[in-house]
Amino acid sequence: MGEPLVVEGTAVASPYDHTTIQQSAPDPSGRGEKQETKCRDPIFALLLYGNVGAIAGVAAAYGTAAFSEAVDDGNSGYNYQGYINVAFVTGAIAIVLSGGSLPIMMCIPTALIKVSLFTMLILSGAMMVMSFIYGNIWGGIFGAIFFAIFLCYARAVWSRIPFASINLLTACTAVKHNAGVILVAYFFIALAFGWSLLWAVALTGVWEKVIVESENPFEENKVGWGYLFLLFLSYFFTHQVIQNSTHVTVAGTVGTWWFSPEDGSSCCSSGVRGSLIRTLTTSFGSICFGSLLVALIQALKALAQSARDGDNQLLICFAECILNCLESILEYFNRWAFVYVGLYGYSYLEAGKQVFTLFKDRGWEAIIADDLISN
């Protein structure tokens with residue numbers, strides 16, 4: 001057992017033994033059990049490798065020349081240098097802002113949460129007032145409804161702000177003591193940027209297969225929906241895996257810092273290294289499993305947005321609404337499931353069962369605290 005960990009002046013004993021595999025009954029607090037070290041859900045990791053390999057092959061075979069022609073000033077008539085400059089400038093600003101957010105959250109966590117609640121109220125109230133001023137009655141009515149909902153929500157959760165603030169401060173303290181996870185996060189961001197470039201090159205190479213231009217100027221171009229769906233699925237699948245790999249790495253690092261402080265109290269501690277290794281090996285298949293589910297919904301939503309025309313607006317809008325709801329629910333579920341994957345090494349389905357048990361035992365307490373911190 002680790003040494004007691006002091007959080008906000010309260011001594012918290014380490015409740016988890018990292019040297020043995022526990023076989024006790026499920027803890028009603030939502031605590032899981034350390035799993036046997038082995039690769040989980042490996043078939044989904046193989047699917048990701050195949051996906052990346054296929055896109056790399058298409059980019060090498062068809063995309064390089066087509067992409068060079070597309071960005072060439074003399075052939076296309078467009079100069080993309082401005083877009084590239086904007087991308088780098090905004091990226092640099094984002095790095096500075098994200099780097100400065102950690103000390104701010106540690107200094108005033110309670111104030112930040114309260115400000116987020118007030119901001120929701122102010123924005124919804126402003127939407128209501130502006131809609132009525134400009135004669136948009138329905139917009140004003142909807143604005144009034146949202147303002148009332150946010151007002152009731154703020155009043156209901158106000159008493160839980162101290163608990164959410166302690167959670168936020170504890171998380172920031174864990175990241176501060178294991179600053180290496182910040183470098184890991186930037187590495188995955190760079191990886192995501194590289195994947196976007198590779199996918200764009202591959203898309204350029206097969207664009208004629210996706211969009212078949214009609215020789216008749218009065219006819220619409222034909223779209224290869226099958227090709228388009230596979231390209232969207234490929235893009236979102238890999239991006240979800242990269243994003244969730246960061247999440248699992250941070251979860252495992254924070255868990256080590258909490259349960260075994262001596263292994264997670266330096267920039268590149270054994271907790272950071274071990275968590276990253278587990279993310280990229282034994283838990284990688286589980287990350288790919290959950291990421292694929294979200295990617296399927298995102299690909300369908302992108303396909304629906306691409307299919308918009310004057311004749312099917314209502315149907316497409318209805319489909320997008322359903323897909324948006326499914327995406328939000330599944331992403332929220334994955335956020336919790338991947339914590340269990342990072343902490344204990346569960347497979348994706350087993351982690352999902354643990355999440356359902358947590359919500360069943362803890363009710364809305366955990367959800368409200370998480371929502372306050374996310375805002």
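What separates the Cα centres of the range 128-164 and the range 256-277 is a distance of 42 Å. Ordering of 158-171, 290-303 by packing is 290-303, 158-171, highest average first (other Cβ atoms within 10 Å, averaged per residue).
Packing, taken as the mean count of other beta carbons within 10 Å per residue, orders the peptides 33-41, 173-181, 98-106 from highest to lowest as 173-181, 33-41, 98-106.
How much length is gained on full extension from Val115 to Ala200, taking 0.36 nm per residue of separation minus their Cα-Cα distance?
Residue separation times 0.36 nm, minus the Cα-Cα distance, leaves 26.7 nm.
Packing around the peptides 133-146, 108-121, taken as the average count of other Cβ atoms within 10 Å per residue, puts them in this order, highest first: 108-121, 133-146.
Under the simplified labelling scheme, the Met130-Thr37 pair shows an inter-label distance of 5.6 nm, with each label point 7 Å from Cα along Cα→Cβ. Annotation for Ile149 and Cys107: the two label points, set 7 Å from Cα along the Cα-Cβ direction, are 3.5 nm apart.
Each value in this text was obtained by applying a stated rule to the coordinates, not by laboratory testing. Given the structure is predicted, the values throughout are model-derived calculations rather than measurements. Don't worry about glycine lacking a Cβ; one is built from the backbone with ideal geometry, like all the others, and counts go over all protein chains shown.
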